[in-house]
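Let me begin by presenting the structure, written as structure tokens, before commenting on it.
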Amino acid sequence: MVAAAALLLFQSMSESSWLDNYNWLQPIGEGGMGSVYLAEDKRNGNAPCVIKQIKYEYKDLASQAEMIKVCQREADLLRKLNHRGIVKFLDDHYSVEGLYVVMEYIPGSNLEGVMNKEGPLDSETVVRIGLQCCDVLEYLHSAEPPIIYRDLKPSNLMLRPDGLVVFIDFGIARDFEPKGPATRVVTSGYSPPEQYFGKPEPRGDLYSLGATMHHLLTGVRPKPLTACHPAALNSGVLPALDALIFQMTSHDKDERPPSARAVQYELFRIYQSLHPDFEIPDLGIEEEFEEEERERREELRTEVRLRRMRNPRGTSSQKRLQSEDDDDTEAGGVAGLFARFKDWVNNITGRQ
Ligand SMILES: Nc1ncnc2c1ncn2[C@@H]1O[C@H](COP(=O)(O)OP(=O)(O)O)[C@@H](O)[C@H]1O
Ligand SMILES: [Mg+2]
């Protein structure tokens, strides 16, 4: 009893000294699990950072243990990841008052906020966002064991002012154990069907990316468990992009593209159709595979064309595509943020 009281006292003392390491500035996000604060790290020249505080009920030991597990999982995952498209982990702290994860501050806005402000995005902008997401997913899926992100949606992606996309919120990503039991976590509209039965696998992230791109192109949250067909809502969506998203959000995971790299390759091809001088970087994809994919895509395009003939065209007010000239700096709005897109492409194989 005395030992327990001493432990509590010790924990709250270490808590107050830990909290003092930061200037807490303002809340920037409120989610189901806790709050996200903008802060400054006093030990690092008041550098801006973000602290995610996860509150739990101390009296309920079982839920406390579960919360600590989720938080530690997020911290452990972030600690070992190193990719410019993934928020960097800085510190963590566990105490009787709550759990804290400290991350680098990503300037800009999450993509849900961007969409609320700008309305639906044009095909080219969504292709650039999708290309960057594929790079992060390929990095996560190639980890040993593979990491499935499992919560890809606009509010979990930050768009920095220089156009770089950064994944935040690793709360439910986990190391993938093919035979192990999986935690059942779903977000309606973005989660693939198999995740509802607790069987996440890397191609589930491709489904969520397809659903996210559909949302960005149309401003409409995708219907749960339905293959997305953004051109039905927005006739300005490029047919090849529509076909790719349709394939990515297929109910049957074997119908989806085989990997994030394969999706990235296809997105590069779409980008190239807008900028004929653009050279697709070597992604190490076999020629044979490319041929197979091309045939499959052609069949899908035909299917989408047929669907469109049956379905009246969408009416959404999509912004016009950017000019065909490869000039990122002239574009306004969100597209104008992509000044560094060429650097990103040049670095694609030499990521930091
Ligand atoms: N590192 C960060 N830099 C800037 N903003 C962030 C950062 N982390 C979170 N946010 C903001 O806070 C919101 C909620 O954060 P998130 O980690 O997704 O928590 P939740 O578990 O509540 O979904 C995000 O949508 C984003 O706008
Ligand atoms: Mg989130």
Please give the charge dipole size of segment 59-135, origin at the Cα centre, charges +1 on K and R Cβ atoms and -1 on D and E Cβ atoms. Round to the nearest 20 debye. 200 debye
Per 5 angstrom bin, beginning at 0 and ending with the bin that holds the maximum distance, the Cα pairs of segment 66-118 fall in percents of 4, 17, 22, 17, 16, 13, 8, 2, 0
Cα convex hull of segment 98-147 - mean projected area over all directions, nm²: 5.7 nm²
Using Cα-only point scatterers and the Debye equation, what is log10 of I(q)/I(0) for segment 17-104 at each q in 0.19, 0.20, 0.23, 0.24 Å⁻¹, rounded to two decimals? -0.89, -0.98, -1.22, -1.29
Taking a crude spin-label model, label points 7 Å out from Cα along the C-beta direction, the SER16 to LYS42 distance in nm is 1.3 nm
Compute the distance in nm between two label points, each set 7 Å from the Cα along the Cα-to-Cβ direction, one at GLU66 and one at ARG79. 2.4 nm
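Going highest first, how would you order 43-54, 207-218 by mean Cβ packing within 10 Å?
Ranked by mean Cβ neighbours within 10 Å, highest first: 207-218, 43-54.
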Using a 7 Å offset from the Cα along the Cα-to-Cβ direction at both TYR196 and LEU306, what is the distance between the two label points in nm, to one decimal? 2.6 nm
Segment 206-212 - phi-based ³J(HN,Hα) in whole Hz, Karplus 6.51/-1.76/1.60, Gly and Pro as x: 5, 4, 5, 5, x, 5, 5
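Read the figures in this text as sums done on the coordinates, not as results from a lab. Computed from a prediction, not measured in an experiment: that's the story for all the values here. Virtual Cβ from ideal backbone geometry, glycine too; neighbours counted across all protein chains shown.
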